[in-house]
Structure formats: C-alpha cells, structure tokens
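Right, one structure below, let's go through it.
The values are calculated or read from the model by the stated rules, or taken from the named source; none is laboratory data. Keep in mind it's a predicted model, so treat the numbers as computed, not measured. Ideal geometry is used to build each Cβ from the backbone, glycine not excepted, and the neighbour counts take in all protein chains shown. Surface accessibility is based on the protein's heavy atoms, side chains included, excluding ligands, DNA and RNA. Shrake-Rupley method; radii C 1.70, N 1.55, O 1.52, S 1.80 Å.
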Amino acid sequence: ASEATVAIARGRATLDRVTITAPAATASAAGTVGLTGERPLDATVSVAGALGFLTSMVPGRMAGRVEADFTVTGTAAAPSLNGRLSLDDAVWVWPAQRLALRDWSGVVTLSSGTVAVESLTGHLNGGEAEVSGSLTFGGGARDLGLRMTVRDAFAEVLEGFRSQADADLTLQAAGEGARLTGTLTVTSGAYREPITAMARRFSAPQPAQARGGASPLDAVELDVRLTASTPIVIENSAGRIDLV
C-alpha cells in the first residue's frame, strides 16, 4: 500500500508525504527534489519494521528488524547521505552460498562519506562475530578501517571439506577501492569423501566460468594470510593424509 502527496512547481518536486507500507514494514520520505539543472536534493527518508520485505530483493532469506533515518542532500550527480541504521536480531540465510548470519544487532551511521559501525555483533555460520570501526571513501582520512573478528565459524568452501575457522580481518580504503588484510586460521578441517568422489572432482581442471559485467568486489585488493592451527585431515579408503 502507498500514500503520497507530491507537488510540482518551478522545476522542483515537493514530497509532503510519501509512505509505502509493506508487510510489517513502513518507508516514508519527505523533502524536495530538483527536476532541472543540477537537480538539488533535500529530503529525509525513514524505514522501520521487519527485514522480511527484503527477501524478494536479495538472494536467500532475511528476518529481524531494522530502523533507519537518513537525510539526502547535494545533487543527483553527487548526493550526500547522512543518517543512522540500527539492526535488531537480523538474519540472512543464503543456502546456495552456505552462508548463515543470525542474531545481528548494532548501529551503523553514515556521515560525509564515512561509514561507522558501533559494535555490530552476531553469529556467522554458527560462530561468534563482531564488526567495528569506520571507513571513509573519497576524500578524507585513510588510516581508518572496518575490523571483523570471527571465532569458531563453520565453513564448507569446497563441497565435502568441512572446516572450522577464526578470522581477524581489516577493510581499509585504498586508492579508488579498498584493501582487505588480516589472517584466516583454520582451527579444524577434514575431507572424508570417498576416493571415487575425490577422483571425479580432481581428475580434470574445471573451465573458468565467464562472468557478466563488473562487480564491486573487483576493486577490493586482497592481502590475507591463510594458516592452520591443527593438521587438515584427508581420509578415505585409500589412506589418510595430515596436512600441516
């Protein structure tokens, strides 16, 4: 359902009351939007309710609650977004990627191109996780970073290889993109698929799949150290190997 009061005059649209209501969630906007020239912006946007309404827009399933209040200023070509977003028991489960984020709560603020996270905590694939810090894009300081710590998260990056890992990662602005640094530690891992399944998987290299279009991740440089605190076990009817 939606409700709107919009007036257009002198090359400007005035949003007196624009409200969109989805199941268990409401979004509203008010302010002015220029229709000519540089198209100046001066508006406020608010969202409150259940995250489930995003399930139709993103892969996987979402749940929990979100509250957000933002102001949008500047121009259509160079908008400036400032505001605050809070999550309460947020859930995002994406079975195709073996990804499960549960019970995430915390506050994220945006101001002058800076994203600041005030101790966002939750569970990642069964392990405890926390994100904190701030990151500035465009002009401004470069010594800021978003930090993520994960403990005892389960992962199956390669089908059949069941592992548990800790992570200490930092995302920093770098040039026109970002740089991800830190350490990923496998605390336990085992691959016990039958020898026939292993032979099929590794008998011939798989051709690379062509991608369509650019991804925002293309601008992220990687400098992450991968280590294992215990031997990784490969075991089947042919024998057993402990990788250190």
Going through the stretch 24-44 in order, the residues found to be assigned to a strand (DSSP E or B), open to solvent by 60 Å² or more (accessible area, probe 1.4 Å) and of a type outside the set (Ser, Thr, Tyr) are Pro40, Asp42
Quick check: is even one residue across the stretch 150-166 open to solvent by 50 Å² or more (accessible area, probe 1.4 Å) and farther than 24 Å from Pro95 by Cβ? no
Within the stretch 106-118, restricting to residues that are of a type outside the set (A, V, I, L, M), in a strand (DSSP E or B) and open to solvent by 30 Å² or more (accessible area, probe 1.4 Å), the one that is modelled with the highest pLDDT is Thr109
Pick from the stretch 1-25, criterion polar (S, T, N, Q) and at pLDDT 80 or above, ranking: farthest from Ser46 (Cα to Cα): Thr14
Complete set of residues in the stretch 7-23 that are in a strand (DSSP E or B) and either touching an Asp or Glu at 6+ places or on another chain (Cβ under 6 Å) or closer than 17 Å to Val66 by Cβ (or both): Thr19, Ile20, Thr21, Ala22
List the pairs whose first member sits in the stretch 156-170 and is in a loop (DSSP other than H, G, I, E, B), whose second member is among the basic types (Lys, Arg) and open to solvent by 40 Å² or more (accessible area, probe 1.4 Å), and whose Cβ atoms are under 6 Å apart, counting only residues at least 6 apart or on separate chains? Glu156/Arg98; Glu156/Arg162
List every residue pair whose Cβ atoms lie under 7 Å apart, where the two residues are 6 or more positions apart in sequence or sit on different chains, the first residue falls within the stretch 88-100 and is more than 13 Å from Gly52 (Cβ to Cβ) and open to solvent by less than 50 Å² (accessible area, probe 1.4 Å), and the second residue, located anywhere, is in a strand (DSSP E or B) and at pLDDT 90 or above. Ala100/Val93
Identify all residues within the stretch 55-72 that are over 14 Å from Arg84 (Cα atoms) and either in contact with a Phe, Trp or Tyr (Cβ under 8 Å, 6 or more places away or on another chain) or among the aliphatic types (A, V, I, L, M) (or both); write none if there are none. Met57, Val58, Pro59, Gly60, Arg61, Met62, Ala63, Gly64
What do you reckon, is Ala210 modelled with pLDDT under 90, of a type in the set (Gly, Ala, Ser), over 30 Å from Glu130 (Cα atoms) and open to solvent by 90 Å² or more (accessible area, probe 1.4 Å)? yes
Could you please give the count of residues in the stretch 167-181 that are of a type in the set (D, E, K, R) and surrounded by 16 or more Cβ atoms within 10 Å (Cβ to Cβ)? 2
Being open to solvent by 50 Å² or more (accessible area, probe 1.4 Å), modelled with pLDDT of 85 or more and closer than 29 Å to Gln164 by Cα: is that true of Asp103 here? yes
